[in-house]
Amino acid sequence: MSDVAPEIKVGDTAPDFNLKDQDQKDVKLSDFRGKKNVVLAFYPLDWSPVCQGENKCLTDDFPKFQNANAELFGVSCDSFFSHKAWADSMDLKHRLLSDVHRTTAKAYGLYFEPLNCSKRATVIVDKNGKVAYVKVQEIKVAREDKDILAELAKLS
């Protein structure tokens, strides 16, 4: 598919986006430039077992991300309605962004065509809007928060 960019890598300028969170508030990546590092936790689908466990861990570690001066977002192709129900059911503290048109997953080269969703991947965007860390996981393997927090510690 020609509209999918090459997989994003460290040193790239992170493509800007404007996505709605579970409360239908707009979130623009560029709003954090010069202020905070941003952690984008791309995941395939709300309600799926691995994503559920993983987002629970992200929420449990939310204060650590805040202490690292980082803004944490889960990103999937689900609608904000699904995000809202899922976030409420799991009492998530972090915001979930709705990439319902798959434009952000494609711009970051993280689109997974077989399931029409994003890959499971973590991207850290530093305060200058540059990609500081990328890790793409096997789709059924949960990410490790400690790895992400260790990378953030290098940036603060």
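Remarks
- Surface accessible to a 1.4 Å probe, per residue, for the residues of the chain, Å²: 48
- Taking Lys and Arg as +1 and Asp and Glu as -1, the other residues whose beta-carbon sits under 9 Å from that of C77 total -1.
- Each Cα pair under 8 Å and six or more residues apart adds its sequence gap; the mean of these over the residue count of the stretch 12-154 is a relative contact order of 31 percent.
- Placing +1 on the Cβ of every Lys and Arg and -1 on the Cβ of every Asp and Glu, with nothing else charged, gives the chain a dipole about its Cα centre of roughly 340 debye.
- Set of aspartates and glutamates near K84 by C-alpha distance (under 12 Å), chain-local residues within fewer than 8 positions excluded: D21, D23, D46
- Portion, in percent, of the accessible area of the chain that falls on carbon or sulfur, probe 1.4 Å: 53
- Net charge over other residues, Cβ less than 10 angstrom from the Cβ of L110 (K, R count +1; D, E count -1): +2
- Ranked by the mean number of other Cβ atoms within 10 Å of their residues, highest first, the peptides 8-19, 122-133 fall in the order 122-133, 8-19.
The values are calculated or read from the model by the stated rules, or taken from the named source; none is laboratory data. This is a predicted model, so every value here is computed, not measured. Methodologically, a virtual Cβ is constructed for each residue, glycine included, from the backbone with ideal geometry; neighbour enumeration extends over all protein chains shown. We work out accessible area using only protein heavy atoms, side chains counted, and drop any ligands, DNA or RNA first. Shrake-Rupley method; radii C 1.70, N 1.55, O 1.52, S 1.80 Å.
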